[in-house]
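Working notes, structure below.
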Amino acid sequence: MSRTIQTFITTLLCAIAALPAAAQSPRTVSGVFDYDKARQVVTNLNRIRQGQNLKPLKMETALTEAAMLRAAELAFRAEEEQEGELAAEAGKRPNGEKNIQLIAEQYHVAQMNVSCQYAHLGKKPFTDIGTVVKTLKSSSAAVLNSSSFQAIGCGSFLSSNGFYYWVLYFLPNDNGKCEVPSGQLAVEVRVAVKPGEKTEIITRTKSDTDLTPSGFEITGYFNYTQAIRVVEITNKERTAKGLKPLIMDSTLMELAMLRAIEIKANKNMQHIRPNGEKGYDIIEDAWGVVWVSGENIARGQSSAEEVMGQWMNSQGHRANILYSDFNRMGAGVCDGHWVQLFANTDRQTPALPKSAARTDEVTVFITIVPGEVSKVVKRKKVK
């Protein structure tokens, strides 16, 4: 994270702490309104409409502000719930009102008398516009291909922990000004949590420097005991099929641990890292090009026996476990997130001894910049 946004958030927290004890602190969320990325998304969505011979959507100021505030509300709810699953609350704000009421507030009317469409992407660590547009194209195709809408508002809120929240509002009429701000605006947003309250910006700082963080930190527990057990069961399955056992590579073990905490940070089960690379690319980041590599992932299993049983009952995962061309592997376990990394390499990386079994509490810096890698910044042995 850049020094500018770190300073802003630190100052903000100090200001909140200085409030009188008798006063109730407002419910707030801090982050960045990214107008440039919002405008880029709208430009790309209009290119899609152009391909359908549809008129471009006008990006309105008031509608964009409503989308920015709605994105901040999503970030606020995610921080409150410590979860990124927001679909069940997609149509309601933290104060219980329908999200269209937020648009009415920005247009300074009691209520909207026209229909609108709403779309959100929830919590995404990715900053690249291509990924955002591709996802919106899939999830909002009916709206993007409709001639019923003329105006659009795009909200792009970057939370203080490095996640983006995206919101789109569509209106059938062009009702407002189109001078949308540029650049990034560091904000503290007071979030409405009671009916009748308004979500609004209470502090803002515009900067010429890029406020986008390069990543964020997350804490978890690396369980080497269970990871080693995964390797043992893997080799038992291989020898039962007449295959050579895999070397439990110390480097691959650490890389698999990093992948496990990356999956925890992403809150999804995809072979895509927070920096946008493929999961097994973490091996080439460490070693350079290898002849062949692979990855198995899982979430929620309570033991090595359980996760291995499920992997062996899945054709694709089983194929990796029993692939004859692999000669080394590593396993990672972090708070119920499981990873196997496989590779074929002539590198003489030391094998991990069974005596390494333990649990470590770690803090990892998760990078969201392509080409950069996640790193352990703090480690403490638990047992």
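The values are calculated or read from the model by the stated rules, or taken from the named source; none is laboratory data. Owing to the predicted nature of the structure, the values given are computational and were not obtained by experimental measurement. Positions of Cβ are generated from backbone atoms using ideal geometry, with glycine treated the same way; all protein chains shown enter the neighbour counts. Areas reflect the complete protein model, heavy atoms only, side chains present, ligands, DNA and RNA absent. Shrake-Rupley method; radii C 1.70, N 1.55, O 1.52, S 1.80 Å.
Can you tell me how many residues within the stretch 341-355 are at pLDDT below 85 and open to solvent by less than 40 Å² (accessible area, probe 1.4 Å)?
2
Tally the residues that are open to solvent by 20 Å² or more (accessible area, probe 1.4 Å) and either closer than 27 Å to E305 by Cα or not charged (D, E, K, R) (or both), restricting the search to the stretch 360-378. Can you show your working first?
Of all residues in the stretch 360-378, those open to solvent by 20 Å² or more (accessible area, probe 1.4 Å) come to 361, 363, 365, 369-373, 375-378.
Imposing the further condition that a residue be either closer than 27 Å to E305 by Cα or not charged (D, E, K, R) (or both) reduces the set to 361, 363, 365, 369-371, 373, 376-377.
Of the residues in the stretch 360-378, 9 are open to solvent by 20 Å² or more (accessible area, probe 1.4 Å) and either closer than 27 Å to E305 by Cα or not charged (D, E, K, R) (or both).
How many residues does the stretch 342-357 hold that are under 17 Å from Y224 (Cα atoms) and either of a type in the set (S, T, N, Q) or out of contact with any Ser or Thr (no Cβ under 7 Å at 6 or more places or on another chain) (or both)?
4
Can you give me the number of residues within the stretch 141-158 that are surrounded by fewer than 20 Cβ atoms within 10 Å (Cβ to Cβ) and not in a helix (DSSP H, G or I)?
5
Go through (1) touching a strand residue (DSSP E or B) at 6+ places or on another chain (Cβ under 7 Å); (2) open to solvent by 10 Å² or more (accessible area, probe 1.4 Å) and name the single condition E306 misses.
(1)
Of E188, E200, which residue is acidic (D, E), touching a residue at least 24 places away in the same chain (Cβ under 8 Å), farther than 30 Å from I283 by Cβ and buried (at least 20 other Cβ atoms within 10 Å of the Cβ)? Before the answer, list the steps.
Details: E200 fails: buried (at least 20 other Cβ atoms within 10 Å of the Cβ).
Going through E188, E200 in turn, just one is acidic (D, E), touching a residue at least 24 places away in the same chain (Cβ under 8 Å), farther than 30 Å from I283 by Cβ and buried (at least 20 other Cβ atoms within 10 Å of the Cβ): E188.
Output the qualifying pairs, or none if there are none: Cβ atoms under 8 angstrom, residues six or more apart or on different chains, first residue in the stretch 207-225 and open to solvent by 50 Å² or more (accessible area, probe 1.4 Å), second residue among the polar types (S, T, N, Q).
T209/S2; T209/T4; D210/S2; D210/Q184; E217/T363; T219/T363; Y221/T359; T225/T359
Within the bounds of the stretch 273-286, is there any residue that is over 27 Å from the mean Cα position of the chain (by Cα), open to solvent by less than 20 Å² (accessible area, probe 1.4 Å) and touching a residue at least 12 places away in the same chain (Cβ under 8 Å)?
Narrowing the stretch 273-286 to residues over 27 Å from the mean Cα position of the chain (by Cα): none.
No, the stretch 273-286 contains no residue that is over 27 Å from the mean Cα position of the chain (by Cα), open to solvent by less than 20 Å² (accessible area, probe 1.4 Å) and touching a residue at least 12 places away in the same chain (Cβ under 8 Å).
Restricting to the stretch 73-94, give me the number of residues that are open to solvent by 80 Å² or more (accessible area, probe 1.4 Å), modelled with pLDDT of 55 or more and touching a strand residue (DSSP E or B) at 6+ places or on another chain (Cβ under 8 Å).
1
Can you tell which of Q310, Q340, Q348 is within 22 Å of the chain's Cα centre (by Cα) and of a type in the set (S, T, N, Q)?
On the way: Q310 fails: within 22 Å of the chain's Cα centre (by Cα); Q348 fails: within 22 Å of the chain's Cα centre (by Cα).
Only one candidate passes the filter, namely Q340.
Is it the case that R229 is assigned to a strand (DSSP E or B), basic (K, R) and either open to solvent by 30 Å² or more (accessible area, probe 1.4 Å) or closer than 30 Å to P56 by Cα (or both)?
Values: assigned to a strand (DSSP E or B): no; basic (K, R): yes; either open to solvent by 30 Å² or more (accessible area, probe 1.4 Å) or closer than 30 Å to P56 by Cα (or both): yes.
Judged against the criteria, R229 is not a match.
Can you tell me which residue is modelled with the lowest pLDDT among those in the stretch 232-252 that are in a helix (DSSP H, G or I) and surrounded by 24 or more Cβ atoms within 10 Å (Cβ to Cβ)?
If we filter the stretch 232-252 for residues that are in a helix (DSSP H, G or I), which is where we start, we get 232-240, 250-252.
Now narrow it down to the ones that are surrounded by 24 or more Cβ atoms within 10 Å (Cβ to Cβ): 234, 252.
Numbers: T234: 98, L252: 95.
That would be L252.
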